[in-house]
Amino acid sequence: MRRIIPVLLLAIGMLCVFGAVAVYALERVNNQDSVEWNVTLVGVGGEQKTLSYDEIKAMPAYEGWGGFFSTAGTISGPFKVKGVPLESLCEQVGGVNPSQAVLVSSVDGYSMVFDYDQISGKFDTYAPQTMKPTPHGELKLLLMYRENGKPLSHDEGKPLRVATAGADRLLIEGHFWVKWINKIEVININETDAS
């Protein structure tokens, strides 16, 4: 019996060490800031450009506070976020004007259309403590790649998601924070015929 206890203690110690090493390795993989991922940009004239994750990260970025709430009332954030303004990405394929909108698509099939006002940062914002509508300063609509100083996890939309950011710690509705972005397309808004 006296010989079994040291062997058991050694085995338990080795399992703890191997477990800690495995957790560390998984965390490093999840926090990698280099990912094989492309985003296709499409202009209204059909111009296309594909940017890699690294090319997007190399563009001028904006940092600010952003957060959202779900339809069930779950609050996420506000977080310190960093990304490239969608407006800057649209400029890569001819830009976006007030008669156009931007269709953002995800690899899971989800998509969202942002009108020109939203591309320009006009959203209803809410105070995290009260959930009451609150005025805001300048907001940017971003293709975000960092949250609280770290690359996004898969659940957070790794590697790229849409986010709003500004100087104020405010929330917007969560359906605007589209995950896993792989296509951004500038589209014309259809006007109704007066006939």
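The values are calculated or read from the model by the stated rules, or taken from the named source; none is laboratory data. What you are looking at is a predicted structure, and each value in this text was computed from that prediction instead of being measured. Reconstructed Cβ throughout: ideal geometry from the backbone, glycine too, with neighbour counts over all protein chains shown.
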Kindly check whether there is at least one residue in the range 172-181 that is crowded, with 19+ Cβ neighbours inside 10 Å, in the same structural domain as PRO85 (by TED's automatic domain parsing), more than 13 Å from the chain's Cα centre (by Cα) and at pLDDT below 95. yes
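Scan the strands (runs of 3 or more DSSP E) fully inside the range 25-142 and keep the ones with 3 or more residues being touching a Lys or Arg at 6+ places or on another chain (Cβ under 8 Å).
Hits in the range 25-142: 38-42, 62-69, 75-85, 100-106.
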Working only within the range 122-170, note down all residues that are buried (at least 22 other Cβ atoms within 10 Å of the Cβ), among the charged types (D, E, K, R) and in contact with a helix residue (DSSP H, G or I) (Cβ under 9 Å, 6 or more places away or on another chain). LYS140
Residue among ALA101, ALA58 that is among the hydrophobic types (A, V, I, L, M, F, W, C) and surrounded by fewer than 17 Cβ atoms within 10 Å (Cβ to Cβ): ALA58
Out of curiosity, is VAL44 β-branched (Val, Ile, Thr), modelled with pLDDT of 95 or more and surrounded by 13 or more Cβ atoms within 10 Å (Cβ to Cβ)? no
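Quick check on my filter: what residues within the range 38-60 are of a type in the set (D, E, K, R) and under 17 Å from GLY94 (Cβ atoms)?
Residues of the range 38-60 that are of a type in the set (D, E, K, R), as a first pass: 47, 49, 54-55, 57.
Within the range 38-60, GLU47, LYS49 meet the criteria.
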